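What follows is a short report on a single structure.
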Amino acid sequence: MEGNALFAEYRIDGHFDEMFTSAGRPRPAYRDLYAGLAATDAATFASRCRMAERSYMTQGITFSSAGREQPFPFDLIPRLIPRDDWRLLEKGLVQRVKALDLFLADVYGPRRAIRDGVVPNRLVATCPGYQREMVGVEPAGGRWIHIAGIDLVRDRGGVWRVLEDNVRTPSGLSYVLQNRAFMKRVLPEAFAHHGVEPVDHAPLLLLDALRAAAPPDRRDAPTVAVLTPGPYNAAYSEHAFLAREMGVPLVQGHDLSVRDGRVWIETTAGRRPVDVIYRRVDDAFLDPVTFRSDSLLGVAGLMQVYREGGVGLANAVGTGVADDKAVYVYVPDIIRYFLEEEPIIPQVPTYLLERPEDLEMVLDNLHRLVVKAVDGAGGYGMLIGPHATEAERAAFASRIRENPRGYIAQETVDLSRAPVFLDGGIRARHVDLRPFVLYGDTPAVVPGGLTRVALREGSLVVNSSQGGGSKDTWVLS
Amino acid sequence: MMLARVALAFFSIGRDVEGAESLARLMEVGHAMAVETGLANGTAQASVWQPVMALSGLGGGAPPAVDALGALALPVIAPEGRGGVQARVRAARDHANAVRDLLPTDLWESLNEIHLEIADWSEERLDQAGVYAFCRSVRRAANLVHGVADQMMCHDEGWQFLRLGRSLERAAGQTRLLDATVRAGLAARSATGPEAEVRALRALLSSAGAYYDFMRKVSVSIEPDAVAHYLVMEARSPRSIRCALNEVHDSLAALAAAGAIPAGSAALGAARAACGDLDAAGDVAADARLRALLETVLARCDGIGAAIDTDCFARSPDGLRGALHAQAEHQTQN
C-alpha cells in the first residue's frame with residue numbers, strides 16, 4: 001500500500017478486512033492506529049515484536065504441543081472493535097449463554113424442550129457430552145455454565161456469526177489479560193488517541209462467577225480452588241495464571257479427598273474444606289468411582305458430594321451437551337424457546353449428517369464444506385474441504401458414512417482478515433474472536449476477548465496447537 | 001497450611017538451585033586448576049575433580065580420559081546426567097512451574113529465564129565461551145534466585161520449605177566436599193609438599209565459596225586445621241556447615257511453630273542433634289576425628305531429609321507418573 005512501508009506487501013484480495021475498507025483506506029476506528037504504524041519503521045517494530053516474544057518465553061506463557069512447551073505467538077497489532085458493534089455482540093453473547101444454561105437445566109431436569117420437540121431426544125441422548133449421572137441434579141446456585149468461550153467469526157460481508165460454543169472447559173481467558181499487559185509494556189504508544197475498555201478485572205469476574213457455585217450455606221465466604229490436570233496439560237500456564245490472579249489454590253486430583261460429605265485439600269497441617277472447584281479436567285476423569293475407573297486426575301467420591309450439594313463444580317458436569325456441534329444447529333430455536341427472543345447473533349449454516357438428505361448433499365460437496373467432529377476441539381478432527389486433498393476428503397467421507405451422528409458440516413466461512421506483522425512486514429491473515437462470558441448471579445462479558453490468528457497464509461485454522469497466534473482485542477470506549 | 005505437593009516443590013527448588021550452584025563453583029575451581037597444572041596433575045584430579053564427580057552423582061573415580069578442558073566439564077553440564085548442572089536447573093524450574101501460582105512473579109521469571117539460559121549451553125557453546133562463562137552464569141543465576149526468594153517471598157511456610165531445601169543441600173554438600181577433599185588432601189600431604197597442600201586448601205575454600213572470607217577473618221596463611229575449623233564451625237559464614245545446619249534447624253522450628261510439620265518431628269529432632277554434635281566437637285582439626293564428625297553430620301542430614309519426606313511430602317507413585325502425564329495431556333481445553 002502506498003505511503004506506508006510496513007504495509008507494502010499488504011493485500012485485501014476480496015476478503016473482509018478488519019482494518020481497511022479498501023487498499024490504503026482504514027476504517028474509521030483504525031485511522032489513528034494506522035497513522036501510528038505509518039510512523040514506525042520495520043526495524044523498530046520487529047524489535048518490539050522480539051521483546052514480546054522473549055517476554056512470553058521468560059514468563060513461561062506457553063502451551064504444550066506434542067509434549068513441548070511453546071510460546072503462544074503474539075501479534076502486536078491490536079484488533080479494534082467499535083463500541084456500538086461490541087454492545088450488540090455483548091447482548092448476543094449474554095443471550096446465547098443464558099439460553100444454553102437454561103437448556104442444560106432442562107435437559108437434566110424436566111426436559112420440556114425435548115418434549116415440545118425443540119431438540120430431538122435422540123440427539124441429546126447420543127451426545128458424547130451427555131452425562132446420565134446428572135439427571136435430576138440441580139447444581140448449587142442453579143447455574144450450569146459459569147464460563148463460556150463463544151467463537152465468533154466475520155464472514156465475507158463483515159457479518160458477525162457464532163461459529164462454535166465452548167462451555168466445557170473453555171481456555172484462553174489468561175491470554176486476554178496477558179496480551180493486554182504485553183501491549184501496554186511493549187507498544188504503549190499504540191494506545192495514544194484510543195480509549196480502550198480495560199480487561200484486568202476479568203479474574204475477579206471469574207471469581208464472582210465461581211463463588212456463585214458454592215453450596216447455599218457457604219455463599220458468604222466460599223473456598224475456591226482450581227483443579228488442574230497438571231503441568232503436562234496444554235493449558236497449564238493458564239490454570240496457574242488464573243489461580244494466582246484469583247488468589248485461590250491450584251490443586252491436582254491427588255491433593256483433594258472426600259470425607260464426611262465434603263471435599264478437602266490435603267495440606268501439610270491437615271485438611272481444609274473446599275466449596276467450589278473450577279475444574280479444568282474432563283467430566284470422564286473427574287471421579288474414578290463414577291466415571292473412568294483408571295482416572296489419575298480426579299477425586300474418588302467427588303460426584304457423590306457434588307450430587308448432594310456439598311461442593312460446587314464449574315462448569316457443571318454434563319455441559320458438553322450444550323457445545324455439541326450437532327446441538328449447535330438447534331441453538332437459535334433454543335434461544336426462541338427459553339427466552340422468547342430472536343437470536344441476536346446469527347450462526348453459520350450447518351448440516352446434520354444424520355439427516356439423510358443433508359448427508360448426501362454434504363458428501364457430494366465436501367470440496368467446499370468444513371466437516372467437524374461433534375465433540376472435537378482444538379481444530380482437530382476436522383476437514384476444511386477447500387484446502388483438503390482428494391485423498392483426505394475420501395478418508396473423511398468414509399468416516400462420515402460409518403458414523404454420521406459423529407459429524408456436522410458447515411459452509412466454509414471466509415473468515416475476515418486482519419493485519420499481522422510477519423517476516424518484516426505487515427500481511428493479512430484470517431482471524432476469529434473468542435469472547436468470554438462469566439456467569440454467576442448475572443452474566444458479564446469480558447470486553448473484547450481473544451482474537452486468534454491463522455498465521456499460515458490462507459489458513460483458516462486459528463488454534464494455537466495448529467500454528468495459530470493471538471492479538472490483543474480492544475473495545476473502543 | 002499448604003499442600004504437601006507444594007511443600008515438596010518449594011523444598012526442591014531450594015535444594016536443586018543450591019545443588020546446581022555448588023557444582024558450578026566446584027567445576028570452575030577444578031577447571032582453573034586443571035588449566036594451570038594440566039589434566040594429568042594429581043592434585044587437580046584428587047582435590048577437585050573427584051569431589052565434582054562424586055557430588056554430581058556421576059561417579060567418584062578419576063575424570064574421564066579426555067584431552068580438552070571443556071570436554072572434561074561436559075559430564076557435569078550435560079542434561080543427561082541426573083545430577084548435572086543443567087539437570088538440576090531444569091528440575092528446579094519444573095518444581096517452580098508446579099507452584100508458579102504461588103511464586104512471586106520475579107522469582108518464577110528468574111527461574112524460568114535461568115532455565116532457558118542454562119539449557120542453551122551446548123558442547124559447541126562451551127567450546128566457544130568456556131567453562132568459566134558457564135559457571136558464572138549458573139552462580140549468578142542461583143544467587144539471583146536465592147536473593148529474589150528472600151526479598152520477594154512472604155516468609156511463610158513456602159519460603160521456609162525453600163530455605164530448608166537450600167540449607168540442607170548446602171549442609172550435606174559442604175560436608176561431602178570437605179570430607180572428600182580433606183581425605184584426599186590428608187593422604188597427599190606428605191607426598192606433594194607444602195605448596196601443593198596450600199593450592200589444594202585454597203581450591204577447597206574457593207569451591208566452598210569461602211576463600212575471601214576466610215582470608216579476611218581467619219588467617220594470612222592457609223593451613224589445614226584452620227580451614228577445616230572455618231568450614232565446619234564458623235557460624236557467621238553462610239558457607240559453613242554450622243551456619244547451614246542452624247538454618248535447617250530454624251526452618252524446621254518455624255515450620256513446627258506454624259503447624260506445617262508435627263511438633264515432635266523427627267526432622268527437627270535430627271537437626272537439633274546435628275547442631276549438638278557440632279557443639280560437642282569443640283575445636284575442629286583436619287584429622288581423623290574430623291572425618292568421624294563429618295560422617296555423623298552426613299548421617300544426620302540424610303535423617304532430616306528422610307524424616308521431612310515422611311512427615312510432609314506427597315509424591316505420585318513412580319509407576320503412575322507416565323499414565324498421569326498421558327491423561328493430563330489429553331484433557332480437553334476447548
Residues of region A:266-304 being more than 25 Å from the chain's Cα centre (by Cα), crowded, with 21+ Cβ neighbours inside 10 Å and hydrophobic (A, V, I, L, M, F, W, C), which ones? A:Val274, A:Leu296, A:Val299, A:Leu302, A:Met303
Select from region A:274-293 the residues that are under 29 Å from A:Leu204 (Cβ atoms) and within 12 Å of chain B (Cβ to nearest Cβ) and list them in ascending order. A:Val274, A:Arg279, A:Arg280, A:Val281, A:Asp282, A:Asp283, A:Phe285, A:Leu286
May I ask you to list the residues in region B:204-225 that are of a type in the set (Asp, Glu) and in contact (Cβ under 8 Å) with a residue 24 or more places away in the chain? B:Asp213, B:Asp225
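Condition check ((1) buried (at least 21 other Cβ atoms within 10 Å of the Cβ); (2) at positive phi; (3) over 18 Å from the mean Cα position of the chain (by Cα)) across all residues:
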residue	(1), (2), (3)
B:Lys217	no, no, yes
B:Asp225	no, no, yes
B:Ser237	no, no, no
B:Leu245	yes, no, no
B:Ser251	yes, no, no
B:Ala254	no, no, yes
B:Pro262	no, no, yes
B:Ala286	yes, no, yes
B:Arg291	no, no, yes
Taking region A:218-238 and keeping residues in a helix (DSSP H, G or I) and either at the interface with another protein chain (Cβ under 8 Å from one of its Cβ atoms) or small (Gly, Ala, Ser) (or both) leaves A:Tyr236, A:Ser237, A:Glu238
Here are some residues: B:Leu164, B:Leu107, B:Leu103. Which one is modelled with pLDDT of 90 or more and not in a helix (DSSP H, G or I)? B:Leu103
Answer with yes or no whether A:Arg122 is out of contact with any helix residue (DSSP H, G or I) (no Cβ under 7 Å at 6 or more places or on another chain), modelled with pLDDT of 95 or more and not in a loop (DSSP other than H, G, I, E, B). no
With the requirement that a residue be over 20 Å from the mean Cα position of the chain (by Cα), away from chain B (no Cβ under 14 Å) and not acidic (Asp, Glu), what does region A:162-200 give you? A:Met183, A:Lys184, A:Val186, A:Leu187, A:Pro188, A:Ala190, A:Phe191, A:Ala192, A:His193, A:His194, A:Gly195, A:Val196
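Yes or no, residue by residue, for (1) in contact with a strand residue (DSSP E or B) (Cβ under 8 Å, 6 or more places away or on another chain); (2) assigned to a strand (DSSP E or B); (3) closer than 26 Å to A:Met361 by Cβ; (4) not acidic (Asp, Glu):
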{"residue": "A:Ser398", "(1), (2), (3), (4)": "no, no, yes, yes"}
{"residue": "A:Ile408", "(1), (2), (3), (4)": "yes, yes, yes, yes"}
{"residue": "A:Ile426", "(1), (2), (3), (4)": "yes, yes, no, yes"}
{"residue": "A:Ala444", "(1), (2), (3), (4)": "yes, yes, no, yes"}
Can you tell me which residue in region A:256-269 is modelled with the lowest pLDDT, limited to those that are more than 20 Å from A:Arg211 (Cβ to Cβ) and within 7 Å of chain B (Cβ to nearest Cβ)? A:Ala269
Of the residues that make up region A:6-28, is at least one farther than 21 Å from A:Arg452 by Cα, in contact (Cβ under 8 Å) with a residue 24 or more places away in the chain, crowded, with 18+ Cβ neighbours inside 10 Å and away from chain B (no Cβ under 14 Å)? yes
Restricting to region A:239-248, count the residues that are within 7 Å of chain B (Cβ to nearest Cβ) and not charged (D, E, K, R). 2
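The values are calculated or read from the model by the stated rules, or taken from the named source; none is laboratory data. Keep in mind that what you see is a predicted model, and the values were worked out from it rather than measured. Reconstructed Cβ throughout: ideal geometry from the backbone, glycine too, with neighbour counts over all protein chains shown.
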